1. Non-local amide H neighbours of ILE195 (under 5 Å, H modeled in plane, Pro and chain starts lacking H): which ones?
2. As a footprinting exposure proxy, order ASP208, ASP104 by other Cβ within 10 Å, with the fewest listed first.
3. For the range 95-103, in order, what is each residue's ³J(HN,Hα) by Karplus, 6.51 cos²θ - 1.76 cosθ + 1.60 with θ = phi - 60°, in whole Hz (x at glycine and Pro)?
4. Among PHE70, PHE263, rank each residue by its count of other Cβ atoms within 10 Å, from fewest to most, as a rough exposure measure.
5. How large is ³J(HN,Hα), in whole Hz, for each residue of the range 205-222 in order, when computed from phi with the Karplus curve 6.51 cos²θ - 1.76 cosθ + 1.60 and θ = phi - 60°, using x for Gly and Pro?
6. Give the Rg (one decimal place) followed by the Dmax (whole number) of the range 172-267, computed from C-alpha coordinates and expressed in Å.
7. Take the alpha carbon atoms of the chain, find their radius of gyration, then divide it by 2.2 N^0.38 Å using N residues; give the quotient.
8. Of THR119, THR233, how do they rank once you tally other Cβ atoms within 10 Å and put the fewest first?
Amino acid sequence: MTGNPPIGGTTRLYVVVGDPVAQVQSPALMNPLFARLGIDAVLVPVHARPEHLERIVGGLQCAGNVDGIFVTVPHKAAAAGLADRRGPMVEITGSANALRREADGGWYAENFDGLGFVTGLVGAGHDPRGSRVALVGAGGAGSAIAAALLAAGVERLSVCDPDTAKLDGLRSRLDAHWPGRTAVSAEPLLDGAGIAVNATPLGLNPGDPLPFRPDLLPSGSVVADIIMRPRETRLLREAAALGHRVHYGIHMLDGQLASYRAFFGLG
């Protein structure tokens, strides 16, 4: 088929919840996929403020024609607790970015941010194996990216976040699987980093401060951002001006497409 069937009573619903949602790119990725596969389904954004998240997700889970829920900032950690069952990456990271309805009516959560990020990184020619990586942000996406980078064979990972309790919890979970390879700090540790990653929301708005200073990185480092809109954040502009290689946020979403297809059984 070359287009989506008209939305009607048989249409299956998928949503992406976040606060804000103006920047989300998943509808532009998934709706054309539904069209190519001839699937009678649609993905729409739902603006859910943190104080309303549990009620909104609970209502969506009760709706019989909702098959999947995508989760974006800042809800990924909270979403892990809104599923009946959790996949292995959710258990490691404490966050989820996708929930699906199971045959028994329960909801299963998994996190594909990390796998998508690493897949996109490798696809762009920046294989992290054996590298020293600095990661800023230990939230839902940052935690998943940290686990995936360690699984991909990084030599040393430093994770920065001002929330020390969150950091200590993440390091404990990571050390249970990849002992002794992660350092944590309240300020970015950029010395010797061949790859530096922004996994915070800093850059969504034009006036945001930089998550870290690219001028403190070794020459020719890879600077990656997970923000998808704007495509070119201030961090990436300044990194490119310094001669660093830059890696755009959309690569993370592109890297998740095959995982989403399998997770939701989309052919």
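FYI, it's all coordinate maths here, none of it is from the lab. The shown structure was predicted, so the numbers you read here are calculated from the model rather than taken from an experiment. Cβ placement follows ideal geometry from the backbone for every residue including glycine, while neighbour counts extend to all protein chains displayed.
1. ARG132, ALA134, VAL222
2. Lowest to highest Cβ neighbour count: ASP104, ASP208.
3. 9, 9, 10, 8, 10, 10, 7, 8, 4
4. So the ranking, lowest neighbour count to highest, is PHE263, PHE70.
5. Result, rounded to whole Hz: 10, x, x, 5, x, 5, x, 7, 8, x, 6, 8, 8, x, 4, x, 5, 8.
6. Calculated on Cα positions, Rg and Dmax stand at 15.6, 46 Å.
7. Working it through for the chain, the quotient is 1.00.
8. THR119, THR233
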